[in-house]
Structure formats: C-alpha cells, structure tokens
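The values are calculated or read from the model by the stated rules, or taken from the named source; none is laboratory data. Here the structure is a predicted model, which means the values were calculated and not measured. As a convention, Cβ positions derive from the backbone with ideal geometry for all residues, glycine included, and neighbour counts pool all protein chains shown. When the accessible area is computed, the model is the full protein with side chains, heavy atoms only, and any ligands, DNA or RNA have been set aside. Shrake-Rupley method; radii C 1.70, N 1.55, O 1.52, S 1.80 Å.
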Amino acid sequence: MTKSFDEATSAIAEPSTETAEIAAPQALGSDFQGEIDQSDIATPRLDVVQKIGALSEEFPAGTILLNRRVVLAEPSQPASITVVTAKKFYMEDLEWGAEERPRIFMTKDDVKAAGLTLDWADGVKPTAKNVLDCLVLAKAPEGSDAPEFNLSFDGERYAVAQWVIQSASSYNGAGKSLLTAKTMYLKQFAEQEFLLSADKKKLGGNMVYVPDVKQGKRNSEEFIQWATTLLN
C-alpha cells in the first residue's frame, strides 16, 4: 500500500542533525524561478513501522517504509540498501515530547563534559545515546513506480534516503553491524549491499520491531563509482 506523495511529504520528520548532502540541482527548468539550496530539500527517510503510532494505522507493524508512504519491504521481508556515507555522533536523550532540541556531541569527552552519560549506572538510564546517521541508496521493489526512485543503474531504480539509527536497540543491532563491517572488511560502505529487515523483539515488556542488517551481494566496481560520485 502506498500513500499519495502529498499525504506523505506533509508528515516528513525534521532530520535530527545534518547528514551528507546530495548536490542541489543547479538548473530546474523554465517552470521554476528563484534560488534553491540544500536547506530547501527534504531527503526521504527510512522508517520501521511499530505497533503504535500514526504509521501503524495504515501499514502492518514491521513494514519498512521510504518517505513514510512507499513500502520497501513487507514484514519479515528484506529491503536492499547500500550505505553511501555515515556519520556517528552522540545525542542528548530527552524525554518524549520535550520542546527543546537535543544537544549534539561528536566525542564521548564532550558528552562527559556536558554532564551526560552513555551507560546505565545504579539503575539510572543514560542521558545521551549513540546515533548513526546514514545516507543510503534504496533499491526499488519489483513493480514499484514511486517517484522517489529517480536514479537508475544497470536496469535497477534507486532512491536516496536518510536512515537515522538512534534507539539503543537499533544502534546495538543494525548500527554496530554496519560499523563492524566498515571496520573489518569495507574500504567504502558502497562496496556492500545490505539486506535491511525488522526483527520482532521483546524489550521492557513490549514487543517492538528492531532493524537488522545482513550482508547481501558485493557491489560491482562500476556501481561503487556511480554511488560515491552522487555526492560530488
């Protein structure tokens, strides 16, 4: 099931921090006048549908969505993604519904200097968290005609998307898997296709869907060059 483009774009969440930038188009044709830069562009996001929340009213829990409307993978099925760039940082973990914006830190020393913590201590939960902010290429599912898939390579269509991995369960699973791959055997993220799915797990007495990544095929040298030059 796919919602209309207008329905989805009105609900796109504001990114938690800056991510790698795709160059803004310089010439938009005769039907547009005015200046445009990266701040005018809302990069589509990846989301995992949970059992509660607005998305659960329209999609089954465990569905992986692009731009809050396009189904990348049904529950228990994998979506093909390639990470192009990633940024790891730390974010203040505020209570749900807080009006202020969370503070961002690039190092653990900065977190400590701000009086925040990253680990449980004496039954007190951390006041900051690890975040991995990824820019990915998501492959179009067979038969999808969504306009987000506006890039083509070797007969396949792709969409650029931002995937922000920030809950503890998501980071400990998918986030650490990606960073382990980058550290152990990838010179560039774009060398490897990953299969993104959502696993059902019990956390704190609640059943939630947690993103998980497994290795797919190795991408060709031609694909790697194409994917990495999208940022130039």
**OP:** Find the residue count for the range 30-57, including only residues that are out of contact with any Asp or Glu (no Cβ under 7 Å at 6 or more places or on another chain) and loosely packed, with under 15 Cβ neighbours inside 10 Å.
**Re:** 18
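Yes/no per residue for (1) at pLDDT 95 or above; (2) within 16 Å of Asp47 (Cβ to Cβ); (3) in contact with a Phe, Trp or Tyr (Cβ under 9 Å, 6 or more places away or on another chain):
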site	(1), (2), (3)
Ala138	yes, yes, yes
Asp145	no, no, no
Ser152	yes, no, yes
Ser167	no, yes, no
Met184	yes, no, no
Gln188	yes, no, no
**OP:** Among what's in the range 93-119 and is in contact with a Ser or Thr (Cβ under 7 Å, 6 or more places away or on another chain) and of a type outside the set (Ser, Thr, Tyr), pick the residue that is farthest from Val210 (Cα to Cα).
**Re:** Leu116
Original post:
Can you name the residue in the range 108-137 that is acidic (Asp, Glu) and outside any helix (DSSP H, G or I) and is also nearest to Ala181 (Cα to Cα) among such residues?
Top reply: Asp133
Original post:
Across the range 142-176, what is the total count of residues that are in a helix (DSSP H, G or I) and either touching a Gly at 6+ places or on another chain (Cβ under 7 Å) or open to solvent by less than 50 Å² (accessible area, probe 1.4 Å) (or both)?
Top reply: 6
